[in-house]
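The values are calculated or read from the model by the stated rules, or taken from the named source; none is laboratory data. Just so you know, these numbers come straight off a predicted model, no measurement behind them. FYI the Cβ positions are ideal-geometry reconstructions off the backbone, even for glycines, and counts take in every protein chain you see.
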Amino acid sequence: MNSSSTPPTPSMIDPARPVLCFGEMLWDDLPSGRRPGGAPMNVAIHLHRLGRPSLPASAVGDDPDGRGLLGFLSTHGVPAAAVAIHPRLPTGLVRARIDARGNAAYTIEPDAAWDEISIEGAALAAAPRAAALVFGSLAQRSPANRAALQRLRAALPADALLVFDTNLRPPHDDLILVRTLARGVHLLKVNHEEAARLAGGPAEALEANARALAAATGAPILCLTAGPDGAGLLHHGIWHREPGRPIQVADTVGAGDAFLAALTHGLLAGLPPAESLARACRLGEEVASRPGAVPENLPPSAATGTVPP
């Protein structure tokens, strides 16, 4: 198992090696209609767009919704070889409500196919050459997925980057479980409100909360996002801060997933931490300014962290 708290040297990682994205695939039921969703799938699609091979490891039902998600991956050029078709449980569904500021609140349906992800086959076969494993806390609500994640972690090469994205949405917000999952990861991403709950400090104290979480978990890289106020990155004890830029928010669904994809891609590519953080903020902002988690026609500046003249 790759359990060392020292992350790999990104410049040594072959850019052809894939990133495994373990967790939920589902439909977001939004006021504007239903859209494919699930953080790991969104991260995988954005990684693919950025030029990093990705492989979502998930499960869908043997139903029209499941086939729709498989088709969605195919449309975006992302392989579905590690997405199992569950013979009994339905494809996942999340009901999202968007407030006047574009923020989303979610109701996550229980007993979905992604609660029992089988990693036999493509996922386990890809693990020994993976550049990174990205996972979140939501899919860890089931014992079956916790066991599957441990098997994937054990199969990773020593230089793989372990990336943990917390997702504290009631009732799936077990702080003890999150702290347990964070042990041994290299990059821990939390939003500022989650950081306050986990670290005990005020939500606006990004750096202090990041340092407290680093001390508590041993993670060498901590990223705290703060919505329109940008994000901060604690990278081996050095604090980097990137402010947000004014945008017209369409909705925030998937913005954090795009951010994480860009940050992971930048770190794997060996970019300086501050540049990786800036690129992540720019991509997250572009996604938040458009409807949907993986909007089309994003400008090239979203991937490079630059701003058009």
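Among the polar types (S, T, N, Q) and closer than 21 Å to Arg52 by Cα: which single residue out of Asn209, Asn297 fits that description?
Criteria check complete, one pass: Asn297.
Ala250: modelled with pLDDT of 95 or more and either crowded, with 17+ Cβ neighbours inside 10 Å or closer than 28 Å to Val19 by Cα (or both), yes or no?
no
Report yes if some residue within the range 276-286 is part of a loop (DSSP other than H, G, I, E, B) and not charged (D, E, K, R); otherwise report no.
For the range 276-286, residues part of a loop (DSSP other than H, G, I, E, B) and not charged (D, E, K, R): absent.
Given the options Thr107, Thr91, Thr75, Thr166, name the one that is crowded, with 18+ Cβ neighbours inside 10 Å, polar (S, T, N, Q) and over 18 Å from the mean Cα position of the chain (by Cα).
Just one listed residue meets the conditions, Thr91.
Just give me the residues in the range 271-309 being modelled with pLDDT under 95, of a type in the set (Gly, Ala, Ser) and closer than 22 Å to Pro15 by Cα, in sequence order.
Ser301, Ala302, Ala303, Gly305
Would you mention how many residues in the range 110-143 are within 26 Å of Asp28 (Cα to Cα) and exposed (fewer than 14 other Cβ atoms within 10 Å of the Cβ)?
Residues that pass the stated criteria total 3.
Checking Ser301 against (1) touching a residue at least 40 places away in the same chain (Cβ under 8 Å); (2) more than 22 Å from Asp159 (Cα to Cα); (3) among the hydroxyl-bearing types (Ser, Thr, Tyr): exactly one of these is not met. Which one?
Tallying (1) touching a residue at least 40 places away in the same chain (Cβ under 8 Å); (2) more than 22 Å from Asp159 (Cα to Cα); (3) among the hydroxyl-bearing types (Ser, Thr, Tyr), Ser301 fails exactly one: (1).
Is it the case that the range 288-309 has a residue that's in a helix (DSSP H, G or I) and under 17 Å from the mean Cα position of the chain (by Cα)?
Yes - at least one qualifying residue is present in the range 288-309.
Of everything in the range 43-66 that's surrounded by 24 or more Cβ atoms within 10 Å (Cβ to Cβ) and of a type in the set (A, V, I, L, M, F, W, C), which residue is farthest from the chain's Cα centre (by Cα)?
My answer is Val60.
Please give the number of the condition Ala81 fails out of (1) surrounded by 21 or more Cβ atoms within 10 Å (Cβ to Cβ); (2) outside any helix (DSSP H, G or I); (3) small (Gly, Ala, Ser).
So Ala81 meets the others, but not (1).
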